[in-house]
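Notes follow the structure.
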Amino acid sequence: MTDKILLTGGAGYIGAHTYVALAKAGFTPVILDNFSNADHDTPARLAQLTGKACLCHECDLLDQKALDDVFKAHDFAAVVHFAAYKAVGDSVARPQAYFNNNMGGLINLLGAMENHGVTRIVFSSSATVYGDSPVQPIPETAPLSATNPYGLSKLVGEQMLGQMQVAHPEWAISILRYFNPVGLHKSGLLRLSPENTTQPPENLMPRLLEVAHGTRKQLSVFGNDYDTPDGTGMRDYIHVEDLARGHVLALEALINTDQSHTVNLGTGRGYSVLEMIEAFAKACGRPIPYEMVPRRAGDVARCYADVTHAKEVLGFETKYGLAEMCADSWVE
Ligand SMILES: NC(=O)c1ccc[n+]([C@@H]2O[C@H](COP(=O)([O-])OP(=O)(O)OC[C@H]3O[C@@H](n4cnc5c(N)ncnc54)[C@H](O)[C@@H]3O)[C@@H](O)[C@H]2O)c1
């Protein structure tokens with residue numbers, strides 16, 4: 001069987017880290033990316049990291065003809081579908097752009113898979129599909145809901161895949177619900193240049209970096225009156241290298257068993273904003289000034305994964321803890 005795996009959005013943050021993990025595991029990853037949120041020299045850096053030429057197609061998923069040409073050029077064992085817009089706040093301002101890119105891109109990809117007989121897909125979903133879950137840690141069976149256009153695009157993506165499975169029982173579909181990916185490859189080579197970032201960073205880690213670099217005066221901590229030990233919001237952060245390894249395990253499971261699965265990828269542990277500030281200050285050796293401000297609309301008190309199913313189905317367990325996640329996020 002072919003060992004080629006198509007990575008849509010493979011030049012992006014999680015895609016590039018997964019590229020390295022797949023190459024290390026003996027697969028031949030092939031990138032398809034329109035570089036709307038990626039550096040053009042990422043393929044060269046991936047070649048440097050893996051010691052092998054990087055197969056990469058500059059292609060927009062919305063361009064059906066170009067997409068078809070990529071499928072004609074290779075025999076793929078499976079697809080990992082990362083390509084999407086991902087910023088929640090941006091999605092509230094530009095819902096149509098998110099529906100067009102995230103749902104439209106998936107629709108075209110599914111069509112190309114059908115036309116070319118590719119029957120295995122890993123889909124980048126998100127913990128955001130759990131909305132404000134009253135159950136913590138969150139199992140995959142928890143009720144799903146969307147609280148913003150980005151979340152809706154992921155929820156509908158999962159539902160589209162569910163309907164594809166009905167029509168094609170032989171397909172093997174992996175839905176991976178990521179919690180909060182942080183960190184970078186230890187080489188530092190996979191860091192996106194700020195000038196090429198079109199998806200505004202909205203998460204805690206990019207803001208901690210800005211404060212440490214002095215481009216932001218202080219961190220605003222949104223709410224210290226949540227029902228958590230120190231009153232600040234708690235999230236499940238996962239090192240991107242652990243996340244990348246999760247994709248290798250998911251692909252191996254699809255290829256070896258042809259069984260579908262839906263799995264959380266997190267550590268199963270929540271860290272509060274104050275714990276993150278303390279750990280990051282230690283990692284970068286600089287103080288992180290912060291101020292307490294009122295809660296932000298739409299934020300939830302806690303969100304962390306029940307990781308039992310990931311262990312059962314994929315044998316997945318994280319290796320990296322908070323100190324490494326912070327150390328590997330810090331770039332001078
Ligand atoms: N980073 C996170 O915090 C997070 C959390 C949960 C889920 N996810 C999901 O994981 C996936 C990857 O996220 P990421 O952080 O690596 O994002 P990213 O923006 O770094 O990577 C996405 C890549 O897709 C490409 N792309 C976007 N639209 C495209 C299109 N129409 N055609 C071709 N290429 C296109 C971009 O150029 C980029 O390289 C996304 O689907 C995202 O929604 C990310």
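Couple of notes before you dig in:
- Any hit, the stretch 159-177, residues being crowded, with 18+ Cβ neighbours inside 10 Å and assigned to a loop (DSSP other than H, G, I, E, B): yes
- Look at the stretch 204-223: where a residue is on the phi > 0 side of the Ramachandran plot and a partner is in a loop (DSSP other than H, G, I, E, B) and of a type outside the set (Gly, Ala, Ser), sitting 6+ places away or on another chain with Cβ atoms under 6 Å, you get Gly223/Arg295.
- Qualifying residue in the stretch 231-253 (condition: within 13 Å of the ligand (Cβ to nearest atom), over 26 Å from Asn34 (Cα atoms) and basic (Lys, Arg)): yes
- Test for Thr2: is it at pLDDT below 95 and of a type in the set (Val, Ile, Thr): yes
- Check on Leu184, away from the ligand (no atom under 11 Å from the Cβ) and among the hydrophobic types (A, V, I, L, M, F, W, C): yes
- Qualifying positions in the stretch 162-194 - in contact with a strand residue (DSSP E or B) (Cβ under 9 Å, 6 or more places away or on another chain) and small (Gly, Ala, Ser): Gly162, Ala172, Ser174, Gly183
- Index of the failed condition, Ser174 passing every other in (1) near the ligand (Cβ under 10 Å from one of its atoms); (2) in the same structural domain as Gly162 (by TED's automatic domain parsing): (1)
- Number of positions in the stretch 30-59 that are closer than 21 Å to Asn102 by Cβ, of a type in the set (D, E, K, R) and without any contact (Cβ under 8 Å) to a residue 40 or more places away in the chain: 1
- Scanning the stretch 196-211 for residues that are within 11 Å of the ligand (Cβ to nearest atom) and either part of a helix (DSSP H, G or I) or modelled with pLDDT of 90 or more (or both) turns up Asn196, Leu204, Met205, Pro206.
- Leading residue by the ranking (nearest to Asn101 (Cα to Cα)) among those in the stretch 144-158 that are of a type in the set (Ser, Thr, Tyr) and outside any helix (DSSP H, G or I): Thr147
- Test: residue in the stretch 104-121 that is β-branched (Val, Ile, Thr) and closer than 22 Å to Tyr237 by Cα: no
- Identity of the residue in the stretch 159-171, among the hydrophobic types (A, V, I, L, M, F, W, C) and within 16 Å of the ligand (Cβ to nearest atom), that ends up nearest to Lys319 (Cα to Cα): Leu161
- Within the stretch 129-143, the only residue that satisfies the criterion of being part of a helix (DSSP H, G or I) and of a type outside the set (A, V, I, L, M) is Tyr130.
- Failed item in (1) over 28 Å from Leu7 (Cβ atoms); (2) aromatic (Phe, Trp, Tyr); (3) in contact with a Pro (Cβ under 7 Å, 6 or more places away or on another chain), with Tyr304 passing the rest: (1)
- Restricting Thr228, Thr197 to those that are under 20 Å from Tyr130 (Cβ atoms) and either surrounded by fewer than 22 Cβ atoms within 10 Å (Cβ to Cβ) or in contact with a strand residue (DSSP E or B) (Cβ under 7 Å, 6 or more places away or on another chain) (or both) reduces the list to Thr228.
- Filter result (in a loop (DSSP other than H, G, I, E, B) and over 19 Å from the mean Cα position of the chain (by Cα)) within the stretch 300-329: Val300, Ala301, Gly315
- Some residue of the stretch 255-270 being surrounded by fewer than 21 Cβ atoms within 10 Å (Cβ to Cβ), within 16 Å of the ligand (Cβ to nearest atom) and under 26 Å from Leu144 (Cα atoms): yes
- Applying the condition of being within 11 Å of the ligand (Cβ to nearest atom) and among the charged types (D, E, K, R) to the stretch 1-60 and asking which residue is surrounded by the fewest Cβ atoms within 10 Å (Cβ to Cβ) yields Glu58.
- Top-ranked residue of the stretch 114-136 - restricted to ones that are farther than 27 Å from Tyr271 by Cβ and in contact with a helix residue (DSSP H, G or I) (Cβ under 8 Å, 6 or more places away or on another chain), ranked as nearest to the ligand (Cβ to nearest atom): Ile121
The values are calculated or read from the model by the stated rules, or taken from the named source; none is laboratory data. Remember, predicted model here, so these are calculated numbers, not experimental data. Glycine gets a Cβ as well: all are built from the backbone with ideal geometry, and neighbour counts include every protein chain shown.
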